[in-house]
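Student: Got a structure for you, written out below as structure tokens; questions coming shortly.
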Amino acid sequence: MGKDSADIQHEERIVWTEDIEGFDYVRESLTTEAGTRARPVPWHGAGRRVGYSTLKRDAPSHDSAGRFTRRVFWVKEHDRSERPDGVYKTAAPSEGVDPRTVAPGVWGELTERAWGSPLPSAAARAGRFHQGRLSDGQPQVLDAWRVTTGAPDVAARVAELLGGRTRPNEGGGSLAHEVLTTSESVRVLVDGPDAVAAHMRLWGSKGMAHECDGSEFLSPEEKKGQPCGCPPLLEDKKLAAKEGRGPTPFIDLTFRIAAEPVLGEFHFTTTSWQFAAQLSDLMVALERVGGPAVCDLTMELFIFTTKTGMDVGYRRPVVTVLGSPDAVAQEPPPTAAPTPARAPSAPSSLLPKSRRAAEHTTLPVPELTCSVNVDAALLGRAAQILGTSDHQETVIAALSEVVAGRQEAADLIQLREHVERIATIARQALRGGNSSLT
């Protein structure tokens, strides 16, 4: 939730329905569907409401007639006020604020009392997980998670938990430290469906041309809530995006490392269509847990066979919901090397006889050593225009989508065109005056 002072400038007072001395933190949310300026705001979400804001008599309604923008304060059954020794014994959810810092027209803040211990640095709370990196100016797909952060102590602890070593993250800005871990799977805590932000974005030469949730516009403000015109089926959305007519997924997952939640919140951003396809199942599973969910965030190796008989592999992000912290260990037990997932094969009656005999044979994992020469600075700008979290993930996403679409070996020209399209978009952006680097 972005905190815009304009959203709360018409507040008159804050009404607490419970004594705030019983809360180290409360959750702060904004609703645009309040039917009045002053009556209690109904609460239909998880947990219970403990406070709300009222508006001045001349406060304007929202874009929808008779609807007003107001704040609601609430807690869930697993919050510290309800379970002092629970998952939030230290740390706080992303919406958490100290109620003592709340006032009419003033957003709540996170304090040491709300956090339950000394606050981690802002950089520590801005750590990110990545599937790739740049190596000597070329994008490189990794076999294990890469983590970037602005705090050297956080980087060191991540290396202890997930393996690997810390090193400077050149060109990473505020995220100046990186860890090339040895873990392709990490056990994390995800605080319900609200921890997953899913947008669809289309970027043009002058910036973002389209942002929606798949059915309604999210921006600009004058179009917010209106039908966006995207096709209802995911495959049709994907086709429109490949033809440059529609937006692509932009999904941000917020989580904490289960073995040490006090490190703060990390983010993983992906533009993967495969991840988008599992979103509805992920949301249902998180909702079913009804609180912080223990999950495994995995770079799953996926292998399929092309029509020409070639085995092709790539890694895709997968989130597996395991259950509540009370029922699931915070660290996974040692396991054997994972078995690569395989795409469904064609019916055996449609396969050549020579392939039917080998249908159930375990295949070796192919080595993924291909790279693409793309100017690093140009690619960095393309990442900004395309809405990906950083430059290397831009090409990783582009390449994996072509591979995932089961292109034949003879169609490698399309792969080249796909990468060239990234450079074209970047050049158009530069002609439009966007000269910033990511």
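The values are calculated or read from the model by the stated rules, or taken from the named source; none is laboratory data. No experiment lies behind these values; they were computed from the predicted model shown. All Cβ positions, glycine included, derive from the backbone under ideal geometry; neighbour counts span all protein chains shown. Just the protein is used for accessible areas: all its heavy atoms, side chains included, with ligands, DNA and RNA removed. Shrake-Rupley method; radii C 1.70, N 1.55, O 1.52, S 1.80 Å.
Student: Restrict the search to the stretch 1-31; then list the trypsin sites (Lys or Arg not before Pro) that DSSP places in a loop and that have at most 12 other Cβ atoms within 10 Å of their Cβ. Spell out each step's value before the answer.
Tutor: Numbers: sites: LYS3, ARG13, ARG27; in loops: LYS3.
Passing sites in the stretch 1-31 are LYS3.
Student: How big is the equivalent ellipsoid of the stretch 27-141 along its three axes, where each semi-axis is √(5λ) from the Cα gyration tensor, reported in whole Å from largest to smallest? Show your work: numbers first, answer last.
Tutor: On the way: eigenvalues 231, 96, 38 Å².
Result for the stretch 27-141: semi-axes of 34, 22, 14 Å.
Student: With the full set of protein chains in place, find how many percent of the accessible area of the stretch 236-308 is carbon and sulfur; take the probe as 1.4 Å. Mind showing how you got there, number by number?
Tutor: On the way: 1350 of 2550 Å².
Roughly 53 percent, rounded to a whole number.
Student: Please list the three semi-axes, largest first and in whole Å, of the ellipsoid equivalent to the stretch 59-202, using sqrt of 5 times the eigenvalues of its alpha carbon gyration tensor. Mind showing how you got there, number by number?
Tutor: Details: eigenvalues 238, 92, 47 Å².
They are 34, 21, 15 Å, listed largest first.
Student: Evaluate E = 1/(1 + (r/R0)^6) for ARG83 and GLU109, where r is the Cβ-Cβ distance and R0 equals 22 Å; express this FRET efficiency to the nearest 0.05. Each step should come with its number before you reach the end.
Tutor: Values: r = 23 Å, r/R0 = 1.06.
The value I calculate is 0.40.
Student: Going by amide H atoms built from the backbone, whose H comes under 5 Å of the H on GLU300, apart from near neighbours?
Tutor: Those lying under 5 Å, H to H, from GLU300 are ARG316, VAL318.
Student: For SER215, project a label point 7 Å along Cα to C-beta. Then give me every residue of the stretch 252-295 with its amide nitrogen under 18 Å of that point.
Tutor: Of the residues in the stretch 252-295, 276-285, 287 have backbone N under 18 Å from the label point off SER215.
Student: Within the stretch 182-280, report the trypsin sites (Lys or Arg not before Pro) that DSSP leaves as loop and that have at most 13 other Cβ atoms within 10 Å. Each step should come with its number before you reach the end.
Tutor: Numbers: sites: ARG187, ARG201, LYS206, LYS223, LYS224, LYS237, LYS238, LYS242, ARG245, ARG256; in loops: LYS206, LYS224, ARG245.
Here the sparse-neighbourhood loop sites are LYS206, ARG245.
Student: Can you give me the relative contact order of the stretch 179-276 as a percent, contacts being Cα pairs under 8 Å and 6 or more apart? All intermediate terms of the calculation are to be shown ahead of the outcome.
Tutor: Working: 149 pairs, mean separation 27.1, N = 98.
RCO, the stretch 179-276: 28 percent.
Student: I've got another one for you. Quick one: length gained pulling ARG100 to ASP136 fully straight, 0.36 nm per residue minus the C-alpha distance? Intermediate values should be presented prior to the final figure.
Tutor: Details: separation 36, 0.36 × 36 = 12.96 nm, distance 5.03 nm.
Result: 7.9 nm gained on full extension.
Student: Net charge within 9 Å of LEU301 by Cβ-Cβ distance, Lys/Arg positive one each and Asp/Glu negative one each, not counting LEU301 itself? Each step should come with its number before you reach the end.
Tutor: Values: positive: ARG315, ARG316; negative: ASP143, GLU184, GLU300.
Summing Lys and Arg as +1 and Asp and Glu as -1 gives -1.
Student: Given VAL87, LEU134, GLY45, which one lies farthest toward the positive end of the charge dipole of the stretch 38-134, if we put +1 on the Cβ of every Lys and Arg and -1 on the Cβ of every Asp and Glu?
Tutor: Towards the positive end, the residue furthest out is GLY45.
Student: Based on alpha-carbon atoms only, what is the radius of gyration of the stretch 141-258 relative to the globular estimate 2.2 N^0.38 Å?
Tutor: Values: Rg = 18.4 Å, N = 118, 2.2 N^0.38 = 13.5 Å.
It is 1.36.
Student: For the stretch 184-334, what number results from the quotient of the Cα radius of gyration and 2.2 N^0.38 Å? Walk me through the numbers before you get to the answer.
Tutor: Numbers: Rg = 17.6 Å, N = 151, 2.2 N^0.38 = 14.8 Å.
So the Cα radius of gyration is 1.19 times the expected 2.2 N^0.38 Å.
Student: Also: Are there GluC sites (Glu not before Pro) in the stretch 161-229 that DSSP puts in a loop and that have at most 13 other Cβ atoms within 10 Å, and which ones?
Tutor: Numbers: sites: GLU170, GLU178, GLU184, GLU211, GLU216, GLU221, GLU222; in loops: GLU170, GLU184.
Within the stretch 161-229, the qualifying GluC sites (Glu not before Pro) (loop, at most 13 other Cβ atoms within 10 Å) are GLU170.
Student: So what's the gap between the Cα centers of the stretch 254-290 and the stretch 160-192, to the nearest angstrom?
Tutor: 16
Student: Separate question: Please name whichever of MET200, THR254, LEU279 sits farthest to the positive end of the charge dipole of the stretch 179-304, dipole taken about the Cα centre and charges placed at Cβ: Lys and Arg +1, Asp and Glu -1.
Tutor: Going by the charge dipole, the pick is MET200.
Student: Whose amide H sits under 5 Å from the amide H of ALA34, counting only residues 5 or more places off or on another chain, with H placed in the peptide plane?
Tutor: HN-HN under 5 Å from ALA34: PHE68, ARG70.
Student: Check which residues have an amide H placed less than 5 Å from VAL50's amide H, if you skip close sequence neighbours.
Tutor: Close amide H contacts, sequence-distant or interchain: PHE73, TRP74, VAL75.
Student: Once fully extended, how much extra length lies between ARG245 and MET208, figured as 0.36 nm per residue of separation less the alpha-carbon to alpha-carbon distance?
Tutor: Details: separation 37, 0.36 × 37 = 13.32 nm, distance 1.35 nm.
Contour length minus the Cα-Cα distance gives 12.0 nm.
Student: Additional query: Could you calculate the FRET efficiency of ALA6 with THR36 from 1/(1 + (r/R0)^6), where r is the beta carbon distance between them and R0 is 25 Å, rounded to 0.05?
Tutor: On the way: r = 20 Å, r/R0 = 0.82.
Calculated transfer efficiency: 0.75.
Student: If you don't mind, another one. Under a 1.4 angstrom probe, counting protein chains only, how are SER183, SER53 ranked by accessible area, largest first?
Tutor: On the way: SER183 25, SER53 0 Å².
Result, largest first: SER183, SER53.
Student: Still on this structure, please answer the following. Estimate the FRET efficiency between ALA197 and GLU222 by the formula 1/(1 + (r/R0)^6), using the beta-carbon distance for r and 22 Å for R0, to the nearest 0.05.
Tutor: On the way: r = 22 Å, r/R0 = 0.99.
The computed FRET efficiency comes out at 0.50.
Student: Can you quote the Å³ per residue value for the convex hull of the Cα atoms in the stretch 124-182, rounded to an integer? Show your work: numbers first, answer last.
Tutor: Values: hull volume 4.1 nm³, N = 59.
Value for the stretch 124-182: 69 Å³ per residue.
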